[in-house]
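Derivation of every value follows stated rules applied to the coordinates shown; laboratory data play no part. Everything numeric here is computed off the predicted structure, so don't read it as measured data. Don't worry about glycine lacking a Cβ; one is built from the backbone with ideal geometry, like all the others, and counts go over all protein chains shown.
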Amino acid sequence: MIQTDNDRGIRSVLWFLPTIGDNRYVGSDVGARSPTFDYLGIIARAADTLGFDGMLVPSGRWCEDAWVTSTALVPMTRRLDFLLALRPGLMSPVVAARMVSALDRLSGGRVRMMIVPGGDARELAADGLHLGHDERYAMTDEWLTVLRRVLTEPEVSFEGKYVHVVKARCPFPCAQKPHPPVYLGVSSPAGLQLAARHADVLLSWGEPPELITDKITAARQLAADLGRTLRFGLRTHIVIRENEEEAWREADELIKYVDDDMIARQQSYFAGMDSVNQRRMSELHGGRRDRLRIGPNLWAGVGLVRGGCGTSLVGSPANIVKQLEAYEVLGIDMLVLSGYPHLEEAYRTAELLFPALPRWSKPDPLRVPEMQTVLPFSDPGLPPPAK
């Protein structure tokens, strides 16, 4: 289904919390910043006051823990949602459900769940998870089934191949109903089936629009077959400046310390991953500097040496908004952005991009969400609190 003019438009913009550390130059320690609590707090407070709707908090063996970091930053912010990356298989879905519920209530309903099945078997093995690609998605299906049921039912028993729980419960329901939204960033057939069953939002990395059209069409149909609907978002970096020339000059500066040996090493490592998304990112440029401009205002330079999202929106506000129109036609109405370094680029993005978005409205700096009082699930068999 193609969006009509009345339906189109970017309605939500999230930023990224660099818990792996921040950089001024990709692939270099020059101007690097450690992910100290003070620095992460400054970025979170900036995003909160600038009008971003939320912040993606990543997870992985190179990052600060997403749970602890988000919990620490919630009291420092007022309106910002935390898109918390969760790794199925590394903890019980029941424990994860209780943690999600607690953080959602304590934050006044400011939690979103970013489910990350994983795309690098070496990283997952380091954390103790030893499953192949399709098996990880089968496990994640069971994991999400239990997590969502525990968040919405008084008591859950479930016996699957990977997850087995008996009389599992989360005594206090979430502030959001039925539970915080579920995000997935997937492209494989197994991933799209998973998104159709469980996701509220399907994210795509910043490939050219024509390369994600079939994926979005397939995901929309798979969800419809199950009586569900999906929203769609774009996860990408951004280099925005007042004029085109300055923006492209800044993009080139980001990789000024990247050499051919570094590119070869990183591309060799990425080739050992089983992530379909990562393969699609690498194919955009093939490790070549002369193939980095992949669209009128799309650039693949970050992906030469960084895994995950490797593309950037680059240009003036007007031209970036024009580039976004091609995504909006597909139904994309949400952006999850990042930029190097993340503090300065949060300000630039808010100052230059937000006013150029047709549906953008400036937030009220005095608005503070009301905290919600949440009672336990009704259960006469609930044991009394310990004295």
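The table below lists the values:
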{"item": "Environment charge at Gly54 (Cβ cut-off 11 Å; Lys +1, Arg +1, Asp -1, Glu -1)", "result": "0"}
{"item": "Rounded, prolate or oblate (a/c below 1.5 giving rounded, otherwise prolate when a/b exceeds b/c) for region 16-92 by Cα gyration tensor", "result": "oblate"}
{"item": "Loop-resident sites, region 233-264, for trypsin sites (Lys or Arg not before Pro), counting at most 13 other Cβ within 10 Å (DSSP)", "result": "Lys256"}
{"item": "Most mobile listed residue (Phe354, Phe158, Phe172) in the chain, GNM with C-alpha springs under 10 Å", "result": "Phe158"}
{"item": "Label point distance in nm, Asp65-Glu283, each placed 7 Å from Cα along Cα→Cβ", "result": "3.9 nm"}
{"item": "Cα-centred dipole magnitude for region 88-154, charges only on beta-carbon of K, R (+1) and D, E (-1), debye, nearest 20", "result": "420 debye"}
{"item": "Relative contact order (percent, whole number), the chain, Cα cutoff 8 Å, 6+ residue spacing", "result": "23 percent"}
{"item": "Net lengthening on full extension, Arg122/Arg24 (0.36 nm per residue, minus Cα-Cα)", "result": "32.5 nm"}
{"item": "Mean-position separation - Cα centroids, region 216-243 and region 176-211, in angstrom", "result": "7 Å"}
{"item": "Mean Cβ neighbour count within 10 Å, used as a protection proxy, ranking 312-325, 182-195 highest first", "result": "182-195, 312-325"}
